[in-house]
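To keep things clear, I will list the structure first and then write my remarks on it.
Nothing in this text is a laboratory measurement; each read-out follows from the coordinates by a stated rule. Keep in mind that what you see is a predicted model, and the values were worked out from it rather than measured. Neighbour counts run over all protein chains shown; Cβ positions are idealised from the backbone, glycine included.
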Amino acid sequence: MSRTVDFDTAFTEARKLHANGSFAEAEQAYRAMATPGANREIVLQALLELYLQTRRPTLAADVLVELTEEQPDSLSYYARLASLLDGLGDIDGAIAHYERLLKRQPELAAGHFNVALLYKRTLRYQDALLAYEKAASLGIDGVQEVYSNTGVLYSDMRRPAKAREMYMRALEVDPAYVPALFNLAALHEESGEREQAVALYRRIHDANPAHADSLCRLANIGKLDDRDDPLIDILLAAVQQSSNDPLAQEGLYFALGKVLDDVELYEEAFTAYTSANTLGSRRSRYDRQAAEQGFDQIIRLFDTNWLASAQTRLKDSPIFICGMYRSGSTLVEQMLGAHPAITAGGELDFLPWLIAHRLTPSPEQIESTAAPHLQPIGEEYLARVQELFPDAEHVTDKRPDNFLHLGLVRSIFPSVRIVYTHRRRQDNCLSVFFQQLGEQLGYAADLHDIDHYYRLHTRLMDHWQSSFGENIFTVDYDQLVQTPEPVLRQLLEFLGLEWDKRCLEFWRSDNTVKTASIWQVREGLHTGSSGRWQNYRAFIPDVEKLESD
């Protein structure tokens, strides 16, 4: 009895120290009491709370490890530990702890579901599939979520038929399950099936008018031609009603700007786009000086000497399509994807993921990295592409911001073929401003920040061109849409391929399109986006800055 009283008294005093902000003394007291025994778990919980409160996540993670050892079958501790490690950038550690739990409890359905989410993020697609299948087979509650997530996974793996099958399985369980309905609609969009997508988006919106994403997709899936179209008033009302959800309101403002642009109400459209970006700027910040320093560092590190010394012996010639976002890269890929020898891979995450996991910190570590270390990275990249596209002769990797990594790409693949998409600066900047690209692109919420970044990207591309221009083919967007055949003939010659007229009829192919430009490229070639920025010239603040060379 005396030991219990002693513990209760000591723990109460430690909690008082903690509550009064005497964190060092409380920590010391907790640690003194965290000895093996019946009270260890409650002490560790208090210590965890202290470390989280004082923003020491690494120590909090250490305590959670202790808690999983104290209660080795407690999913909640593993889940908190995995979330914390994930936030610290140690997703592999998070996976390892889930695997430790599942080794003890292989029938724990929720554990398989949780680790599947992490497997997917680390591009371990087959492991994620197996984990989802295991969770479903164990009778997890809400199995429709498992099926819908598996559909998204299959979509990422470029297996649309399997994705569709999984979405339908989710809807067999719950016909009103919105994530599956929305994902299935998106799949119809990617496949060019406009009517089916519209029907599903309307179904979602009719059931839940507050579902902003479905309304935004309805705005983007077609072009309005009537200023009295009821969709405009619906979007106006939705914008006002979503004031408590800034992210949803941001998307709705972008959708409103799009439909107003459709009907040539340019001043109103610009106002809507500005409101959208004002909301977006609250979630991200662009530091011009830091951006300049970052570009300077890339140019300094990837100089002629490093590029000459770090080349691997890989003979493969992968195709990368890159450039500024909204510069025409999707159009170019879809045109090339209509060629029988080329498979459109879309925006693959493999290269950025490999850089983040094999060359951290980047680009600093690059300076001391030699060819023998780069070659396995190249081999892993090729293996991952091969896994997704086992029957493809050539696969295009169309992630626009890979232009940042072209020095590394050229070193890993000396025979790489790089297709750089270039668009008139004013049109490109305006198109970025009109698109919800996410908080990762901090520059995208301000037109003049976009212009600043565009100029930095041009300087970097000039550096790559002077360093290994023989590997780069520049496609000018305006020239492509005006005279497509000669541009494509030269491009295919650069890629070592014969001319094929199907590249000119790319919209007839059954390629999927997984970018914001889905419906632009489905419309075929047109010159309507060339010089588009002139429609907004009168409404752009400090327009002379955008006009200047």
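Hey, got the dipole for the range 49-156? About the Cα centre, +1 on K and R Cβ, -1 on D and E Cβ, debye to the nearest 20?
With Lys and Arg at +1 and Asp and Glu at -1, about 180 debye.
Put +1 on the Cβ of each Lys and Arg and -1 on the Cβ of each Asp and Glu in the chain; which of Tyr78, Ala290, Tyr477 then has its Cα farthest toward the positive end of the dipole?
Among Tyr78, Ala290, Tyr477, the one farthest towards the positive end of the dipole of the chain is Tyr78.
Find which of Val543, His457, Pro400 sits farthest along the positive direction of the dipole of the range 298-547, computed with +1 on the beta-carbon of Lys and Arg, -1 on that of Asp and Glu, about the Cα centre.
Val543
Answer with one residue from Ala237, Val178, Thr360: the one whose Cα lies farthest towards the positive end of the charge dipole of the chain, charges on Cβ with Lys, Arg +1 and Asp, Glu -1.
Thr360
What residues from the range 172-195 fall in the zone where the backbone N is under 13 Å from a label point 7 Å along the Cα-to-C-beta line of Ala207?
172-185
Please go through the residue pairs Lys134/Lys162; Lys223/Lys258; Lys398/Lys545 and name each one whose alpha carbons sit more than 19 Å apart in this structure.
Where the Cα-Cα span goes over 19 Å, the pairs concerned are Lys398/Lys545.
For the range 298-547, report the % of Cα-Cα distances exceeding 25 Å.
Every Cα pair in the range 298-547 considered, those over 25 Å come to 44 percent.
Run down the aspartates and glutamates and flag those whose C-alpha is under 12 Å from the C-alpha of Lys103, throwing out any fewer than 8 positions away in its chain.
Asp73
In a solvent-free Debye calculation with one equal scatterer on each Cα, what is log10 I(q)/I(0) for the range 318-414 at q = 0.14, 0.15, 0.21, 0.25 Å⁻¹, listed in the order of the q values?
Results for the range 318-414 at q = 0.14, 0.15, 0.21, 0.25 Å⁻¹ read -0.53, -0.60, -1.09, -1.38.
As a test, work out the antiparallel percent of DSSP beta bridges whose residues both lie in the chain, rounded to the nearest 5.
Antiparallel bridges: around 0 percent, rounded to the nearest 5.
Averaging over every viewing direction, what projected area does the convex hull of the Cα atoms of the range 73-180 cover, in nm²?
So the Cα hull casts an average projection of 6.6 nm².
Tell me, in nm to one decimal, what length is gained between Ile42 and Asp549 on full extension, where the rule is 0.36 nm per residue of separation less the Cα-Cα distance?
Gain on extension, Ile42 to Asp549, equals 176.0 nm.
With only Lys, Arg, Asp and Glu charged, each at its Cβ (+1 for the first two, -1 for the last two), find how big the charge dipole of the range 298-547 is about the Cα centre; round to the nearest 20 debye.
180 debye
Can you give the FRET efficiency for Asp62 and Arg300, using 1/(1 + (r/R0)^6), R0 = 30 Å, r = Cβ-Cβ distance, to the nearest 0.05?
Rounded to the nearest 0.05, the efficiency is 0.20.
Note down the magnitude of the dipole of the chain about its Cα centre, charges +1 on Lys and Arg C-beta and -1 on Asp and Glu C-beta and zero elsewhere, to the nearest 20 debye.
680 debye
If you rank Glu25, Glu267 by fewest surrounding Cβ atoms within 10 Å, what's the result?
Least crowded to most crowded, the residues run Glu267, Glu25.
In whole Hz and in residue order, list the ³J(HN,Hα) couplings for the range 336-352 that follow from phi through the Karplus curve 6.51 cos²θ - 1.76 cosθ + 1.60, θ = phi - 60°; x for Gly and Pro.
Whole-Hz 3J(HN,Hα) from phi for the range 336-352: 5, x, 6, 6, x, 8, 10, 10, 6, x, x, 7, 7, 8, 4, 4, x.
Using the Kirkwood radius built from alpha carbon pairs, what does the Stokes-Einstein equation give as D for the chain at 37 °C and 0.692 mPa s, in µm² per second?
124 µm²/s
Can you tell me the length gained on complete extension of the stretch Asp542 to Asp229, counting 0.36 nm per residue apart and subtracting the Cα distance?
109.4 nm
Round to the nearest 10 and give me the degree value, 0 to 90, for the angle of helix 246-262's Cα axis relative to the longest principal axis of the chain.
Helix 246-262 sits roughly 10 degrees off the main axis of the chain.
Output the 0 to 90 degree angle, nearest 10, between the alpha-carbon long axis of helix 91-104 and the longest principal axis computed from the alpha carbons of the chain.
50 degrees
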